[in-house]
Amino acid sequence: MGLAQRQEELVRALVAGAAVPTGFDARAVAATQTALLRKRAEDVARTWPRLAASAGPGQWARVFSAWAAGRAPQGSLRDGWDFARADPPRDAAARRELALRELLWAYDGETAPRPRRGPAARLHAGELLLRWRGRALTYRP
């Protein structure tokens with residue numbers, strides 16, 4: 001078995017929930033997994049601040065890490081979006097953040113999100129959300 005294959009097995013164990021390859025210290029791999037999940041949660045929190053805040057004070061890293069363990073990272077935008085779809089936010093600010101993201105971006109859950117084109121409008125919680133020239137505008141009656 002070559003070095004590249006062993007490295008690939010280690011990366012899969014660290015980020016995608018695969019078994020720890022032989023010859024590696026399982027406790028060290030587990031500690032590294034925990035650190036990587038925490039870093040990933042921090043990255044997602046920067047991209048999705050209201051979603052992270054909706055988990056409660058000091059709870060985001062734990063809640064997100066429990067969901068993300070065993071899932072390969074897809075980038076903070078996709079990871080946050082997938083988390084929000086799997087566990088819809090109960091917090092109004094987080095729901096609005098998701099609604100605005102869906103107004104500006106197209107994401108099918110399979111391929112990378114891409115900016116939407118053209119104008120669009122959505123009604124969310126009594127607020128009119130408009131997309132115009134790549135920006136979100138909001139109107140409250």
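For the structure I just gave you, tell me whether Ala125 is in contact with a Ser or Thr (Cβ under 8 Å, 6 or more places away or on another chain), of a type in the set (A, V, I, L, M, F, W, C) and open to solvent by 40 Å² or more (accessible area, probe 1.4 Å).
It is false that Ala125 is in contact with a Ser or Thr (Cβ under 8 Å, 6 or more places away or on another chain), of a type in the set (A, V, I, L, M, F, W, C) and open to solvent by 40 Å² or more (accessible area, probe 1.4 Å).
Can you tell me which of Arg71, Arg78, Arg46 is of a type in the set (Lys, Arg), open to solvent by less than 40 Å² (accessible area, probe 1.4 Å) and closer than 22 Å to Arg114 by Cα?
Within the list Arg71, Arg78, Arg46, the selection yields Arg78.
In the stretch 101-114, is there at least one residue being among the aliphatic types (A, V, I, L, M), open to solvent by 40 Å² or more (accessible area, probe 1.4 Å) and either assigned to a loop (DSSP other than H, G, I, E, B) or touching a Phe, Trp or Tyr at 6+ places or on another chain (Cβ under 8 Å) (or both)?
Among the residues of the stretch 101-114, at least one is among the aliphatic types (A, V, I, L, M), open to solvent by 40 Å² or more (accessible area, probe 1.4 Å) and either assigned to a loop (DSSP other than H, G, I, E, B) or touching a Phe, Trp or Tyr at 6+ places or on another chain (Cβ under 8 Å) (or both), which makes the answer yes.
If Ala45 satisfies all but one of (1) touching a residue at least 24 places away in the same chain (Cβ under 8 Å); (2) in a helix (DSSP H, G or I), what's the number of the condition it fails?
It is condition (1) that Ala45 fails.
What is the one condition in (1) assigned to a helix (DSSP H, G or I); (2) out of contact with any helix residue (DSSP H, G or I) (no Cβ under 8 Å at 6 or more places or on another chain); (3) not β-branched (Val, Ile, Thr) that Trp81 does not satisfy?
Just one mismatch for Trp81, condition (2).
Only residues in the stretch 96-114 that are more than 12 Å from Trp48 (Cα to Cα) count as the first member; pair them with residues that are among the aromatic types (Phe, Trp, Tyr) and surrounded by fewer than 17 Cβ atoms within 10 Å (Cβ to Cβ), Cβ under 8 angstrom, at least 6 apart or cross-chain, and list the lot.
Pro113/Trp105; Arg114/Trp105
The values are calculated or read from the model by the stated rules, or taken from the named source; none is laboratory data. Computed from a prediction, not measured in an experiment: that's the story for all the values here. With ideal geometry, Cβ positions are generated from the backbone for all residues, glycine too; neighbour counts draw on all protein chains shown. Surface accessibility is based on the protein's heavy atoms, side chains included, excluding ligands, DNA and RNA. Shrake-Rupley method; radii C 1.70, N 1.55, O 1.52, S 1.80 Å.
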